[in-house]
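*Asks:* Encoded as structure tokens, here's the structure I'll be asking about.
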């Protein structure tokens, strides 16, 4: 009797689990498409899933767009409220230099820099051209904000990232 009861219970469990698996499967109709996200006059394209009149984008992509960083474990490190620029990449011919602004020509977007030299410095021409899309960050007491080229003034101590062609693509201004 116990054997029959056990087999009956086992049969009922197997039947209900297989039927629930079969009936729980549903077809998902989604489309993988490219979307464009615009922020601060820059447009980034990425893949997204379109499903049921909604668009799904990986959270990591959104965090990166708003200026945040994610570590390898997937937790958020920091969300910045300013636009940053990448460090100089020597493998791409870029250099980072420190100096003091001696002269500014706003109309030609050039500055004259008195470079601060150390053992690792690469000497540049004192007159450097500023790219139109330069990112300028003013920093004071570990707080950063973006400023415009017109906000620079003679006497400012700056760090400059120059691309392989010698144009400044990033400026860090210590206030």
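*Asks:* Please work out how much length the chain gains when fully extended from residue 175 to residue 140, using 0.36 nm per residue of separation minus the C-alpha to C-alpha distance, in nm with one decimal.
*Replies:* Using 0.36 nm per residue and subtracting the Cα-Cα distance, I get 12.1 nm.
*Asks:* Counting pairs of alpha carbon atoms under 8 Å apart in space and at least six apart in sequence, what relative contact order in percent does segment 89-162 give?
*Replies:* Taking the mean separation of contacting Cα pairs over the length of segment 89-162, I get 39 percent.
*Asks:* Run through every distinct alpha carbon pair of segment 90-174 and return the Kirkwood hydrodynamic radius in angstroms, one decimal place.
*Replies:* 13.0
*Asks:* State the extension gain, in nm to one decimal, for the chain segment bounded by residue 14 and residue 82, taking 0.36 nm per residue of separation less the distance between their alpha-carbons.
*Replies:* Additional length available on full extension: 18.7 nm.
*Asks:* Can you compute the FRET efficiency between residue 116 and residue 39 using 1/(1 + (r/R0)^6), with r the Cβ-Cβ distance and R0 = 30 Å? Round to the nearest 0.05.
*Replies:* E(calc), rounded to 0.05, equals 0.30.
Here, each number is a calculation from the coordinates, and none is a lab measurement. Note that the structure is a prediction, hence the values are computed from the model and not measured. Every residue, glycine as well, gets a Cβ built from its backbone with ideal geometry; the counts of neighbours run over all protein chains shown.
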